[in-house]
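Everything below concerns the one structure shown next.
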């Protein structure tokens, strides 16, 4: 996957992680700003523009955006470093508001199931992390039906709330 496309994918991971619990917390936005300012995760992409695209997708396709994210992860061969970055972005967003909503936990476990990383590598990188459910066979127990049921069950944030995010993301001084 091309470098810029991967960075857009990371941003989509962050966006979907924020949206999957039906509420975008100010601390999640703040974590996005921190990642934008202090990492190279989103370098070279226009966050406001990408956010507009994702909000447009969400308004037209609803939770199918999350299903498309999972398909993209499954269909593209990411290297182990890229896969670890995908998990890191999702974990940072989930941990930012210090609340682990049931949908966030289901989201990250489904996200993890779309990656080829071995549990040992994940544990080495993130330590004992109950969010990731790094048990032997995790990849095998998650069916496409699980993804579909998850996507249908979630409540996404109101679009008016998402428009407020546009004003907040990308307001960092790098």
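Computed from the coordinates by the stated procedures, all read-outs in this text should not be read as laboratory data. Small disclaimer: the values here were computed from a predicted structure and weren't measured. With ideal geometry, Cβ positions are generated from the backbone for all residues, glycine too; neighbour counts draw on all protein chains shown.
Numbers for the structure displayed
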quantity	calculated
Computed Kirkwood radius, in angstrom, where 1/r is averaged over Cα pairs of segment 16-56	11.1 Å
Per-peptide average of other Cβ atoms within 10 Å, ordering 82-88, 148-154 highest first	82-88, 148-154
Stokes-Einstein translational diffusion, segment 21-124 - Kirkwood Rh over all Cα pairs, 1.306 mPa s, 10 °C, in µm²/s	106 µm²/s
